Amino acid sequence: MPPLLDTRASGRLSLTAMTGSKSFLGGPAVATAGFNQDYLGPTIIMRNGDLAAEVNNTLDEAVSVHWHGLMLPGEYDGGPHLPIAPGATWRPRMAIAQDPATAWYHTHIHERTAAQVYSGLAGVTHVTDGRDDQRGLPAEYGVDDLTLVLQDRRFDTTGRMVYDPSMMDRMHGFTGNRILVNGQLGAAAVVPEGIVRLRLLNGSNARTYNLFFDDARPMHLVATDGGFLPAPLVLDALRLSPGERAEILIDFAGGGAPVLMSDPEQSYGVFPFATDSELSARITQLPTVLDGVLEDFTDAPALTRQVSLDMGMGGMMMGGGGFAINGQPFDMDRIDFEVALGSVERWHIRSTMVAHPFHVHGVRFRVLSENGAPPRPENTGWKDTVLVPGEAEIVARFDQPAGRDVPLMFHCHILEHEDAGMMGQFTVS
Ligand SMILES: [Cu+2]
């Protein structure tokens with residue numbers, strides 16, 4: 001597991017973006033970056049209340065820290081308008097006020113996000129209310145409550161991790177040939193023979209996983225991006241696109257050594273588990289209900305907007321351009337939408353060419369439909385990122401203010417697409 005950074009007692013949080021060096025599986029060491037360590041960052045545990053953060057940047061280029069999944073005003077969101085210059089420190093004074101959730105944080109500098117996140121500038125956040133015992137949920141970090149950051153990375157024949165996107169990589173997003181879990185190749189989890197909670201983050205630049213177990217054991221979905229479901233949902237497979245999180249419960253009673261797999265195309269191993277009967281199984285019963293409350297917004301008057309995620313064929317032929325939203329590539333100086341504070345909006349999202357994972361900052365939304373049909377089970381809870389293979393309709397209340405100088409972002413979470421211009425921004429006032 002990543003080291004823990006528990007902010008609950010102090011209400012303070014200190015991160016330092018630093019360069020690192022890491023050898024994966026005994027291969028040659030490569031230059032990496034991380035928060036407080038060589039690659040990735042600590043798992044930050046926070047609760048509702050004031051949180052005084054400081055982020056130091058010791059790199060020789062600007063970075064930012066976007067709190068993906070935290071409900072914060074534009075001035076604390078950490079997007080491309082809030083770069084931390086080399087040697088500088090950012091000190092957001094945040095007020096955390098939201099339901100428990102697994103969120104994450106990563107750098108978000110326009111045109112540099114893909115390379116910087118790939119190098120390691122990301123980590124996981126747990127927002128907790130300390131009531132998981134009452135919910136009957138596993139909550140012992142690293143024992144029966146595992147945080148798993150899934151990232152594919154490309155290794156060359158000498159075992160060196162590389163990031164050298166070709167034009168095709170920029171078109172489709174950069175994918176790797178090995179899967180890192182929490183920054184490690186060849187890792188495994190040893191778990192008790194009981195119920196284990198997996199907090200999954202797809203921290204990959206572009207790869208979408210379709211996760212399942214090789215022995216077909218069920219996955220019990222308890223939380224999506226923005227919080228708990230009203231009750232667990234049983235799934236055979238779980239689709240997780242870049243930026244999405246899911247919390248699932250797995251029953252390891254009876255032992256065994258199942259492997260978390262993914263497809264499509266050829267199926268491949270993502271992460272192996274081993275059970276140890278010596279470990280005490282704290283939770284042995286699956287909860288039947290949870291306390292997630294979903295708002296359906298059906299009665300709320302709502303403005304409707306169209307959002308087209310564009311990959312122009314002509315632009316691509318010219319060398320990888322053509323990435324835009326509603327025909328316009330991202331412009332730091334252009335506000336795309338002006339949203340009324342506290343209002344509800346329905347956004348109709350349409351993907352072109354490939355399925356794009358769509359993320360909106362500063363809100364959690366519900367998915368009303370996908371290609372005209374009810375959403376997939378894993379998209380029925382609170383979301384902030386959703387894969388849009390064709391069309392999807394989402395609805396959200398915009399409660400976080402954001403001015404013209406610090407607008408909120410909406411974008412494709414294939415990081416190469418985002419950097420190439422598939423991003424827009426909005427104010428909330
Ligand atoms: Cu995209």
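Past the 31 angstrom mark, what percentage of all C-alpha to C-alpha distances in the chain do you count?
More than 31 Å apart: 35 percent of the Cα pairs in the chain.
Give me the Å³ per residue figure for the convex hull around the C-alpha atoms of segment 152-308.
152 Å³
Based on alpha-carbon centroids, what's the gap between segment 103-155 and segment 344-359 in Å, whole number please?
One Cα centre to the other: 24 Å.
With Cβ to Cβ distances under 12 Å as the rule, what net charge do the other residues near GLY87 carry (K, R +1; D, E -1)?
Numbers: positive: none; negative: ASP60, GLU61.
Value of the local net charge: -2.
Explain nothing, just compute: Karplus ³J(HN,Hα) = 6.51 cos²θ - 1.76 cosθ + 1.60, θ = phi - 60°, for every residue of segment 144-149 in order, whole Hz, x for Gly and Pro.
10, 10, 9, 9, 10, 8
Taking the beta-carbon count within 10 Å as an exposure proxy, list LEU72, LEU121 from fewest neighbours to most.
Final ranking by Cβ density, sparse to dense: LEU72, LEU121.
Averaging the inverse of every distinct alpha carbon separation and then flipping it gives the Kirkwood radius. What is it for segment 1-73, in angstrom units?
It works out to 13.8 Å.
Please sort by residue number the GluC sites (Glu not before Pro) in segment 39-105 whose DSSP state is loop and whose Cβ has at most 11 other Cβ atoms within 10 Å.
Values: sites: GLU54, GLU61, GLU75; in loops: GLU61.
Nothing satisfies the criteria.
Can you give the local net charge around GLY381? Use residues other than it whose beta-carbon is closer than 13 angstrom to its beta-carbon, Lys and Arg +1, Asp and Glu -1.
-4
For segment 397-407, take each phi angle, set θ = phi - 60°, evaluate the Karplus expression 6.51 cos²θ - 1.76 cosθ + 1.60, and give the result in whole Hz per residue in order, putting x for glycine and proline.
3J(HN,Hα) across segment 397-407, in whole Hz: 9, 9, 9, 9, x, 8, x, 5, 7, 9, x.
With a sphere of radius 13 Å drawn around the Cβ of GLN328, what net charge do the other residues whose Cβ falls strictly inside it have (Lys, Arg +1; Asp, Glu -1)?
Residues near GLN328 contribute -3 overall.
Over its Cα atoms, what ratio of radius of gyration to 2.2 N^0.38 Å does segment 243-336 give? Kindly include the intermediate steps, with their values, before the conclusion.
Values: Rg = 23.4 Å, N = 94, 2.2 N^0.38 = 12.4 Å.
Taking the Cα Rg and dividing by 2.2 N^0.38 Å, one obtains 1.89.
Pick out, in residue order, every one of the GluC sites (Glu not before Pro) in segment 228-283 that is DSSP loop and has at most 11 other C-beta atoms within 10 Å; say none if there are none. Spell out each step's value before the answer.
Values: sites: GLU244, GLU247, GLU265, GLU278; in loops: GLU244, GLU265, GLU278.
Answer by residue number: GLU265, GLU278.
Please report the relative contact order for the chain, taking Cα pairs under 8 Å with a sequence separation of at least 6, and give it as a percent rounded to a whole number.
Numbers: 1204 pairs, mean separation 63.6, N = 429.
Here the relative contact order equals 15 percent.
For the chain, what does -39500 (n - 2.57) per DSSP helix run (n ≥ 4), summed and divided by total residues, give at 222 nm, in deg cm²/dmol to the nearest 500?
Per the formula, -1500 deg cm²/dmol.
Collect residues whose amide H, placed 1.01 Å from N in the peptide plane, falls under 5 Å from the amide H of VAL388; neighbours closer than 5 in sequence don't count.
The list, which skips near neighbours in sequence, is HIS356, PHE358.
Using only the Cα atoms of segment 92-218, what are the Rg and Dmax in Å?
Rg and Dmax of segment 92-218, Cα atoms, are 17.2, 51 Å.
What is the fewest-to-most order of LYS22, LYS383 by other Cβ atoms lying within 10 Å of their Cβ?
Fewest-to-most ranking of LYS22, LYS383: LYS22, LYS383.
The numbers here are math on the coordinates, done by the rules we state, and not lab data. Keep in mind that this is a model prediction, so the values were computed, not measured. We place every Cβ from the backbone using ideal geometry, glycine too, and count neighbours over all the protein chains shown.
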